[in-house]
Amino acid sequence: MIYHLGVDQGTTNTKVVLYNGKRVVSKATKGIQIKITKQGWVEQDPVVMVKNIIYCIKQVIKISGVSINKIESVGIANQTETFVVWDKNNGKPILPAVSWQCKRSADLLIKNKSKFNLEEINKKTGLNLDPTFTATKILWLKINYPQIYNKIVNNKYLIGTLDTWIIWNLTKGKIYSTDASNASRTLLCNTKLQEWDKSLINQFQLKKIILPKIKKNYDNFGKIDKSFFGSEINITASIGDQQASLFGNECLKTGDLKITLGTGAFLWLNKGSKFLPKNNSGCLETLAWLIDKPVYASEGFVIMAGALLDYFIKKLKYANNFKNLEKKSSSFKKNNIFTIPSFLGLGTPWWSTKTNGKIYGLSSNTNDDDVCLSAFETVGFQIKAALDALKKHSNINIKKINIDGKLSSSSVMRKILSSLICKDFYFSDNSDITAMGSALLASKSISLSKKKRSQCFFDKDDNHEYLINKYYKWKKLTDEYVDL
């Protein structure tokens, strides 16, 4: 028997799944802490990520009883845009991992926006000038910690997105590379050519920076060193987490759309061979994967989805846990509570860097249930806003919609999305889509993915009319808030 490992290094946890053909043999998950050190600053411990991966692989091996020698390959998926700086000699991180969610470069971009060639950035990368993307945070690092940056350009420190950091550690420093999907999210890579772009690098004042080699998503990324598990394992794939999810959702044809409901919400539409950036459309154009030839995607991006619900539970204390929050929200009582979740800014279509949220419509009759329902509705409203922008941006007929992620199992979320999307969609209770996508890619096969999906049918009822009307009111409030 031949086995394949899928690794998913996400924002809130590390997951490893062991596959044999179509069968999940074993899996393991370990959480990771998110640290908000200042308003809008988000960091994580990169050492913990590597330790988690090693721990989870050991667990799936222990649970399954499978010999390491029978594991043919491992594919690694990771949260994109997050980066690490580490000492080349001892491998120790110099700073915490600066998260994709982090907005520390926001003020810098606002102050210097006129100095950037926004048209060139969008044309070459498909992205926009936003603190989400890696280059903006590296520029912040150069300005605020020039001594660290000088050691990067002098090749004493290494810098890379999480795929680079993870693979460098697992191969004991033998491989310093990135994959094309991760590189395409940095603002330093020409997405059409899949190579670092000198002009973009110069725009971000990073002239002498040393960057990892860009490889295809299915490629030779070295071997996990035998010191970890007693035998080597071939690393044959590396890919961004949302790209892995698109692959795992079998969105392999032009017009296939997936919506992942995780910490954020990510809407990815397969564009095939088309790479057509549109400046100021609110949507991103990006690389899905590079195997034999590049496949592109359009993206709608929601910064806070599951993270918003966690905020209502952990910070505002409206519920003890997710089940309790969902129970309070299940009555679908009509109300006039509107939440603008811009605690870490807003994504598609606004791309606002404001970091203050708002709740409107509180009255003497408002109760906990009203506010809890508003949280779920707001996740749905953000997704509708992103989906509407995506349809306008891509001008492609959406053939099917697959929804996955932890929130996709919520009956409240399904009802809200059905009313707002106004179309039948498929949802998956499989919480391992991203890990499966990385394992599929590593095995260069789609034989693992034949899983049944449940269909959610759109029903044009009273709740649909209410939610659509409430959405347009919410959208107007949000537009006005962003323009203030």
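The values are calculated or read from the model by the stated rules, or taken from the named source; none is laboratory data. Computed from a predicted structure; not experimentally measured. Cβ coordinates were reconstructed from backbone atoms using ideal geometry, including for glycine residues, and neighbour counts include every protein chain displayed.
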- request: State which residue pairs qualify: first residue in the same structural domain as I383 (by TED's automatic domain parsing) and inside segment 275-303, second residue assigned to a strand (DSSP E or B) and among the acidic types (D, E) in any location, beta carbons under 7 Å apart, and separation of 6 or more residues or different chains.
  value: F275/E285; L276/E285; P277/E285; C283/E299; L284/E299; T286/E299; Y296/E285; S298/E285
- request: Go through the residues of segment 284-293 one by one and say whether even a single one is in contact with a Leu (Cβ under 8 Å, 6 or more places away or on another chain), under 18 Å from T186 (Cβ atoms), β-branched (V, I, T) and at pLDDT 90 or above.
  value: yes
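If you take the residues of segment 101-110 that are outside any loop (DSSP other than H, G, I, E, B) and touching a residue at least 12 places away in the same chain (Cβ under 8 Å), which of them is surrounded by the fewest Cβ atoms within 10 Å (Cβ to Cβ)?
From segment 101-110, those outside any loop (DSSP other than H, G, I, E, B) are 106-110; that's our starting set.
Adding the requirement that they be touching a residue at least 12 places away in the same chain (Cβ under 8 Å) leaves 106, 108-110.
Details: A106: 21, L108: 16, L109: 18, I110: 10.
Only one residue tops the list, namely I110.
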message: For the structure I just gave you, tell me whether T254 is assigned to a loop (DSSP other than H, G, I, E, B) and under 25 Å from D310 (Cβ atoms).
response: no
statement: Looking across segment 390-416 at residues that are hydrophobic (A, V, I, L, M, F, W, C), buried (at least 20 other Cβ atoms within 10 Å of the Cβ) and in contact (Cβ under 8 Å) with a residue 60 or more places away in the chain, the single one that is farthest from A319 (Cα to Cα) is L390
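Take F332 and tell me if it is outside any helix (DSSP H, G or I) and closer than 20 Å to C283 by Cα.
Details: outside any helix (DSSP H, G or I): yes; closer than 20 Å to C283 by Cα: no.
No: the conditions fail for F332.
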Answer residue from segment 192-221, given it is in contact (Cβ under 8 Å) with a residue 60 or more places away in the chain and more than 24 Å from the chain's Cα centre (by Cα) and is farthest from N122 (Cα to Cα) among those: I209
- request: Starting from segment 18-45, keep only residues that are free of Cβ contacts under 8 Å to residues at least 24 places away in the same chain, then list their pairs with residues that are among the hydrophobic types (A, V, I, L, M, F, W, C) and assigned to a strand (DSSP E or B) whose Cβ atoms are within a distance under 9 Å, requiring at least 6 positions of separation or different chains.
  value: I36/V42
query: If we only count strands (runs of 3 or more DSSP E) wholly inside segment 1-100, which ones have 2 or more residues that are within 23 Å of S443 (Cα to Cα) and of a type in the set (A, V, I, L, M)?
result: 3-9, 13-20, 23-31, 71-78
- prompt: Pairs under 7 Å by beta carbon, first residue touching a residue at least 24 places away in the same chain (Cβ under 8 Å) and among the charged types (D, E, K, R) in segment 150-171, partner in a helix (DSSP H, G or I) and crowded, with 23+ Cβ neighbours inside 10 Å, six or more apart or different chains?
  reply: D163/N182
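Pick from segment 99-131 the residues that are of a type in the set (V, I, T) and in contact with a helix residue (DSSP H, G or I) (Cβ under 8 Å, 6 or more places away or on another chain): which of them is farthest from L276 (Cα to Cα)? Lay out the reasoning, then the answer.
The initial filter retains those residues of segment 99-131 that are of a type in the set (V, I, T), namely 110, 121, 125.
Of the ones still in play, those that are also in contact with a helix residue (DSSP H, G or I) (Cβ under 8 Å, 6 or more places away or on another chain) are 121, 125.
Values: I121: 13, T125: 10 Å.
Checked segment 99-131; the qualifying residue farthest from L276 (Cα to Cα) is I121.
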- prompt: Going by the conditions given, is I201 out of contact with any Leu (no Cβ under 6 Å at 6 or more places or on another chain) and among the β-branched types (V, I, T)?
  reply: no
Sole residue being out of contact with any Phe, Trp or Tyr (no Cβ under 6 Å at 6 or more places or on another chain) and surrounded by 22 or more Cβ atoms within 10 Å (Cβ to Cβ), chosen from L193, L252, L187, L269: L269
query: Is it the case that I416 is farther than 22 Å from A297 by Cα, hydrophobic (A, V, I, L, M, F, W, C) and in contact with an Asp or Glu (Cβ under 8 Å, 6 or more places away or on another chain)?
result: yes
- prompt: Among (1) among the small types (G, A, S); (2) surrounded by 24 or more Cβ atoms within 10 Å (Cβ to Cβ); (3) free of Cβ contacts under 8 Å to residues at least 40 places away in the same chain, which single condition is G126 missing?
  reply: (3)
query: Looking at segment 13-26, which of its residues are under 15 Å from I433 (Cβ atoms) and not charged (D, E, K, R)?
result: N13, V16, V17, Y19, V24
- request: Return a yes/no flag: does segment 369-377 have any residue that is in a loop (DSSP other than H, G, I, E, B), assigned by TED's automatic domain parsing to the domain that holds K278, of a type in the set (D, E, K, R) and modelled with pLDDT under 95.
  value: no
